[in-house]
Structure formats: structure tokens, C-alpha cells
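Some notes on the structure that comes next.
The values are calculated or read from the model by the stated rules, or taken from the named source; none is laboratory data. If you're wondering where the values come from, they're calculated on a predicted model, not measured in any experiment. FYI the Cβ positions are ideal-geometry reconstructions off the backbone, even for glycines, and counts take in every protein chain you see. Side chains included, ligands, DNA and RNA excluded: accessible areas come from the protein's heavy atoms. Shrake-Rupley method; radii C 1.70, N 1.55, O 1.52, S 1.80 Å.
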Amino acid sequence: MNSQTGFYLSLQPWNIYYIMLDKIKALAEEISRVKPKSLAELDEIRIKYISKKGIISQLFDDFRVVAPELKKEVGKALNELKNLAMDKINTAKEELEIQDQGAHDLDLSAPGDSIGLGSRHPLALVRNRIIDLFGRIGYNVMEGPEIEDDWHNFTALNFAAEHPARDMQDTFFIEKNPDVLLRTHTSNVQIRVMERTQPPIRAIFPGRVFRNEAISARSHCIFHQVEGLYVDENVSFADLKQTLLFFAQELFGVDTKIRLRPSYFPFTEPSAEMDVSCSICGGKGCNLCKYTGWLEILGCGMVDPNVLDACNIDSQKYTGFAFGMGIERITMLLYGVKDIRLYFENDVRFLQQFRSAL
Ligand code: DAH
């Protein structure tokens, strides 16, 4: 029997009744106000109020001496107090546990992780520069399919049925059907555009091309080209040359010189390959240009009349020029990339180096 109970024993039953009810009321108020800040504090509160030796348990002891006719009311108040205390402790416990977990996982005062900015792929950088510079002289951008038929990739481009140039391009065929293939060059878009559009046509066609070649530092089975096409009345070789000079000087610098060497492509006549003066040594001769002073950049020529005819464009009325270049090679020359495989590996250490590029 505890001391408080001893105290009650000397009082009249109705006094005990009043004292207990007052006490219960005061405790209820006290308990509703408690706000433990930690699980440790909460445990102290639990011990203080509802443990075996806690205040409420003591009141239950005292309850035994309450007069029988008053027991009902006091018992009810006491039970309500106990429930209040239990509720309070349980909710506080849940809240504190959630807070506690959060404190481990989440430090709101910690500095944020910086989100590293990506960089454009070097091939995209160069492609965009090419699109931009041709845009300034009136060229649209158009695209065609990567999965192509024989007509658009070869036949309409004046490749004869048994022409060795078909073999030269190491074509990937899709399944066993020789009429469905991965385009070997972006020249297919010339046909796609000319079939649908009458001149004047002035556009470039950037895109991905595929050839069945062994992968090495110098060649890959997937690469990118930009094709150019200009068809109108009176388009001349001089127009081609001037356009390509503008292109070369915009991309490699104003002092760049160009030279055209006769060549052969089935879809152009005459055909040429264009070199630019070496951007490293300025034409004096160095490792990059193999001491020639010149770097080969693209193929070009006047659109063969057979190609215009295949697309229902009147070759008596119209002439045109075309050119095609590899973006990988130009990017290699501009940025000194020595291995074509780097473009496709997407190693961030390689890509990051282009962060500050245009
Ligand atoms: N299609 C050629 C190739 O893949 C490049 C080319 C050469 C495109 C001359 C042209 C051109 O438009 O006139 O190698």
C-alpha cells in the first residue's frame, strides 16, 4: 500500500471521491499537453503515467478505497484517463518513429547533390554546325529512311545492275530479301526528295548509314553522313565549287583552301573529291595530312541526268549538283579524334571533353 492510499484512508469517502476526481481531471489536462521530443522522453512519460508504479496505476490502487456507491463514476473517469494516456503515448510513439527514420535517411540541411550537365555528342555538334551554315545560304534539312529498297539506294542513283560499286559499298541486307537493305549512304534521300518535289530543290540530308565493314580505328559499320542537293535551272559546277568553298571556310576557318580532284560516282557526272588545306599545318605538310598539305573531305559532282530522269525531273531543263560527306571524319579533323570507335562507346570521359564546345 502506498503513502497516498494511506492518506486517503484518513479521509471521509466523499472527500476521497472529490480529491480523486480533481486529480483525474488535472492529470487528463497534464497528459493532453505533454509533447515528448524524443523516444527517450516518451519512455519517461510512459513510466511516469502508466507503468506498474506510475501515477495512473497508483490511482487504481486508491480506487479500491472509494465508497461502493461512488465507484462507478470514479472508475469511469479513471478508465478514460488511462485510455487517454495510452492513446497519447501510442500516437506520439508513431510520430517520433517516423521522424526518427527520416532523420537517418534525410538530412534537410545537407547541401544538394549537383546535377552534372551533360554535353552534346561531338557528332551532333558538328552536324548542327553543318546544318546551321547551310541554313544561312538557303538549304532546308530533310531526312529519309534508314531501311531502304534497292531502287532508292542504288538503281535510281544510276548504279547499273551488275555495277561493281554495289559491292564496293558492302551492303547489309535485311533477312534474305535483296530488296530490303540498310542504306549505305544518304544519297537515297536525293531520290526520295526528287520523286516528290519539282525544282528548285535546295536541301541537305543528315543521317546514319550502314556498311558491312570490319570495325577498326578508321572505319565502322555505322557512321553518319550529310548529303547536299541543289537542283534548278542553270545550276553549274562553278556554283558547286563556290558553295563548297563557303562550307569549308565556315567550318575550318576563313583561310581554308579547297581543291577538287576528278573522281567517279555513278550518280554524278562529272564527279570529284574535295580536299581542304590541312587545318593543322595550313598546307605546309604534317602528320595529319601525311605531308601532302591536303585533307580529303567529301565527294561531289553534277547530278547525272539519268538520276533526274529516274525521278521524273526534266534533265533537259534542270541541272543540279550534289555532295556527300562523312561526319565522323570531319569531327576527327576538327577535334583531333584519333579513333572512330570513341564516337560509339559513349565513355563519359570522352564525351565530357566536348562540354565547352559550341
Ligand atoms: N554517296 C557517296 C558515298 O557514300 C558520297 C557522295 C559522293 C555523295 C558524291 C554525293 C556525291 O552526293 O555527289 O561515299
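With a Förster radius of 45 Å applied to the C-beta separation of Ala40 and Ala67, the computed FRET efficiency comes to 0.65. For the stretch 122-357, the alpha-carbon coordinates run over 47, 43, 30 Å along the three principal axes, in decreasing order. Only one residue of Gly301, Tyr18, Gly144 has its Cα farthest out toward the positive end of the dipole of the chain, where Lys and Arg carry +1 and Asp and Glu -1 on Cβ, and that residue is Tyr18. Taking amide hydrogens as placed 1.01 Å from N in the peptide plane, the amide H of Val180 sits under 5 Å from those of Ile174, each at least 5 positions away in sequence or on another chain. In this label model, Lys53 and Lys290 are separated by 9.7 nm, measuring between points 7 Å along each Cα→Cβ vector.
Annotation for the stretch 45-75: trypsin sites (Lys or Arg not before Pro) lying in DSSP loop with at most 15 further Cβ atoms inside 10 Å of their Cβ are Lys52, Lys53, Arg64.
The stretch between Asp314 and Lys338 holds 4.2 nm of extra length on full extension. This uses 0.36 nm per residue minus the Cα-Cα distance.
Could you grab the relative contact order for the chain? Cα pairs under 8 Å, six or more apart, rounded to a whole percent. Could the numbers behind the result be given before it?
Working: 532 pairs, mean separation 53.0, N = 358.
After rounding, I find 15 percent.
Were the residues from Lys76 through Gln249 laid out at 0.36 nm apart, the gain over their Cα-Cα distance would be 52.6 nm.
Overall dimensions of the stretch 64-209, expressed as equivalent-ellipsoid semi-axes from the Cα gyration tensor (√(5λ), whole Å, largest first), are 83, 22, 16. The alpha carbon centroids of the stretch 257-287 and the stretch 71-91 are separated by 97 Å.
About the centre of its Cα atoms, the stretch 112-247 shows a dipole size close to 520 debye [charges on the beta carbon of Lys, Arg (+1) and Asp, Glu (-1) only; nearest 20 debye].
Using a cut-off of 15 Å between beta-carbons, work out the net charge of the residues near Phe134 (Lys and Arg +1, Asp and Glu -1, Phe134 not included). Local net charge: -1. What the Cβ-Cβ distance of Glu195 and Ala124 gives, at R0 = 30 Å and to the nearest 0.05, is a FRET efficiency of 0.55.
What is the magnitude of the charge dipole of the stretch 122-357 about its Cα centre, with +1 placed on the Cβ of each Lys and Arg, -1 on the Cβ of each Asp and Glu, and no other charges, expressed in debye to the nearest 20? Walk me through the intermediate numbers first.
Working: 24 positive and 30 negative charges, 219 e Å.
That gives a dipole near 1060 debye.
For the peptides 19-26, 112-119, the ranking by mean Cβ contacts within 10 Å, running from highest to lowest, is 19-26, 112-119.
In the chain the longest region clear of GluC sites (Glu not before Pro) that are loop-assigned by DSSP and have at most 16 other C-beta atoms within 10 Å covers 1-142.
Roughly speaking, to the nearest percent, how much of the chain's 1.4 Å accessible area is carbon and sulfur?
Here it works out to 53 percent.
With the largest listed first and rounded to whole Å, the semi-axes of the equivalent ellipsoid of the stretch 40-79 from the Cα gyration tensor are 25, 9, 4.
What whole-number value in Å² describes the accessible area per residue of the chain for a 1.4 Å probe? Don't skip to the end; give the middle numbers.
Values: 20350 Å² over 358 residues.
Per residue, the chain has 57 Å² of solvent-accessible surface.
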